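Presented below is the structure to which this report refers.
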Amino acid sequence: MIDVLVIPGDGIGPEVVAAARAVVQATAAPLRLHEAPAGWDAFVRGGVALPADTLAAAHTASAILFGAVASPSAPVAGYRSPIVELRQRLGLGANLRPVHSVSADLVVVRENTEGLYSGREHISDDGATAIAERVITRQASAHIAHVAFRLAQQRERPQPRVTIVHKANILRATCGLFRQTALQVAADYPDVLVDELLVDTAALQLVAHPERFDVLVTTNLFGDILSDVACFHAGGLGMARSANLGARHALFEPVHGAAPDIAGRDRANPLAAIGCAAWMLAHLAQQHAAVPALATAARQIEQALAWVRDHGPLTPDLGGTATTGAVTAAVIAALGSTAQEVAR
Ligand code: NAI
Ligand code: MG
């Protein structure tokens with residue numbers, strides 16, 4: 001049995017994670033799923049957003065399936081976003097956010113541990129000046145660039161391309177170092193085209209010409225924003241999955257947040273979270289070549305997801321009227337029919 005830690009979180013997090021669990025449990029994948037708390041509810045109940053037991057379990061699990069957490073926009077003493085902390089503490093340096101549809105087939109590769117999410121913010125004694133440190137290191141920049149170029153090679157497009165996204169014309173030191181490092185790494189991958197865009201231009205290009213992109217590589221905040229822009233082309237946040245990958249750990253989570261506006265109403269789209277479960281299984285399959293049931297389950301879920309995406313039922317964000325539960329049941333039902341195809 002392979003140990004997976006499940007962190008449902010807040011809002012629709014537990015709803016979409018329950019859906020993903022149900023789908024995984026309907027396959028023959030030999031996983032043992034443990035649940036642990038993190039997020040706003042955990043903070044209100046126990047005073048910590050990322051309990052020590054949860055962090056310890058994250059360190060020992062083979063993979064982590066994360067829902068979403070609600071982080072207040074007003075500062076709350078002692079609260080820090082647990083997903084940002086998990087990324088930093090587990091060394092999850094790369095955040096991969098693929099977008100796949102008829103109009104777009106691209107991956108945003110986002111540096112995940114530093115940049116403006118370094119957590120180094122200060123406010124002056126009079127409260128009138130606030131400063132955030134935008135930490136960019138050569139090491140993390142080189143790492144994320146290698147991840148992006150290797151991914152471009154693996155995607156095996158006719159002409160693989162990595163677009164480096166930055167704002168080095170203004171942020172000369174930080175984006176300058178990121179850009180220069182990524183361009184140096186590019187030299188190791190002569191088979192991959194490299195180009196660069198300023199982040200504001202990249203945002204418009206992602207809206208207007210998504211087909212021009214293959215892999216984008218960028219810093220933490222830019223990647224967070226651009227991946228929300230890009231996922232528009234594939235049905236929006238309810239469809240967008242992501243992987244947080246490090247040398248020792250892997251965490252899979254939908255791109256969306258806790259969605260308090262629809263939480264508790266059985267109308268959250270579970271397909272992003274179910275897609276995360278499929279991706280997690282494919283990742284585990286690579287590490288456990290002796291357990292073919294993992295890859296089989298991953299393929300089965302991907303096929304069932306594609307079938308439901310094309311034939312419905314769909315939740316309201318995709319123009320349908322179905323509940324989270326009905327969509328999940330449809331994915332599970334589609335597993336049955338695709339299981340025979342996979343076995344053949
Ligand atoms: P959000 O992603 O939670 O919601 C944005 C909009 O998309 C809402 O209208 C929501 O209803 C809709 N939406 C999101 N996921 C959906 C789904 N699966 N099905 C149908 N509709 C969906 O972002 P928002 O509203 O900016 O943030 C809400 C809370 O979530 C905040 O507390 C924020 O801190 C947190 N958040 C957490 C993230 C994480 O845990 N990784 C990521 C982004 C936000
Ligand atoms: Mg985001």
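Under the rule of at least 5 residues apart or a separate chain, name every residue whose amide H is placed under 5 Å from the amide H of ALA63.
LEU5
Using amide H atoms built in the peptide plane, which far-off residues or other-chain residues are under 5 Å from VAL255 H to H?
Residues meeting the criterion, in which the H sits 1.01 Å from N, are ALA240, ARG241, SER242.
So what is the relative contact order of the chain, in percent, for Cα pairs below 8 Å that sit 6 or more residues apart? Before the final figure, lay out the partial values.
Working: 709 pairs, mean separation 73.8, N = 344.
Across the chain, relative contact order equals 21 percent.
What ³J(HN,Hα) values, in whole Hz, does the Karplus curve 6.51 cos²θ - 1.76 cosθ + 1.60 give for segment 39-55 when θ = phi - 60°, with x put for Gly and Pro?
Listing the rounded values in order: x, 5, 4, 5, 5, 5, 6, x, x, 10, 6, 10, x, 4, 5, 5, 4 Hz.
Take the alpha carbon gyration tensor of the chain, find the square roots of its eigenvalues, order them as a ≥ b ≥ c, and report rounded if a/c is under 1.5; if not, report prolate when a/b exceeds b/c, else oblate.
oblate
Between GLU196 and residues 5 or more places away or on another chain, which pairs have amide H atoms under 5 Å apart, with H built 1.01 Å from N, and which residues are they?
So GLU196 has HN proximity to ILE164.
For ALA247 and ALA208, what is the calculated FRET efficiency with R₀ set at 41 Å and r taken between the beta-carbons, to the nearest 0.05?
The value I calculate is 0.65.
Pop out the ³J(HN,Hα) list for segment 308-315 in order, Karplus 6.51 cos²θ - 1.76 cosθ + 1.60 with θ = phi - 60°, rounded to Hz; leave Gly and Pro as x.
Taking θ as phi minus 60°, the curve returns 5, 4, 7, 10, x, x, 10, 7 Hz for segment 308-315.
Would you kindly state how much longer the chain becomes between ILE170 and ILE123 on full extension, computed as 0.36 nm times their sequence separation minus their alpha carbon distance, in nm to one decimal?
14.6 nm
Measuring from label point to label point, each 7 Å out along Cα→Cβ, what is the ARG155 to HIS288 span in nm?
3.0
Please list 3J(HN,Hα) in residue order for segment 137-154, calculated via the Karplus relation 6.51 cos²θ - 1.76 cosθ + 1.60 where θ = phi - 60°; whole Hz, with x for glycine and proline.
Karplus-based 3J(HN,Hα) across segment 137-154 equals 10, 5, 4, 5, 5, 5, 4, 5, 5, 4, 4, 5, 5, 5, 4, 4, 5, 5 Hz.
What whole number of Å gives the distance from the Cα centroid of segment 303-338 to the Cα centroid of segment 70-126?
30
So how far apart, in nm, are the two label points at THR201 and ILE225 if each is 7 Å from Cα heading toward Cβ?
For the pair THR201/ILE225, the computed spacing is 1.6 nm.
Only the coordinates and a few stated rules stand behind these numbers; no lab work does. As the structure is a prediction and not an experimental result, all values here were calculated from the model. Using ideal geometry, Cβ is built from the backbone for each residue, glycine included, and neighbour counts are taken over all protein chains shown.
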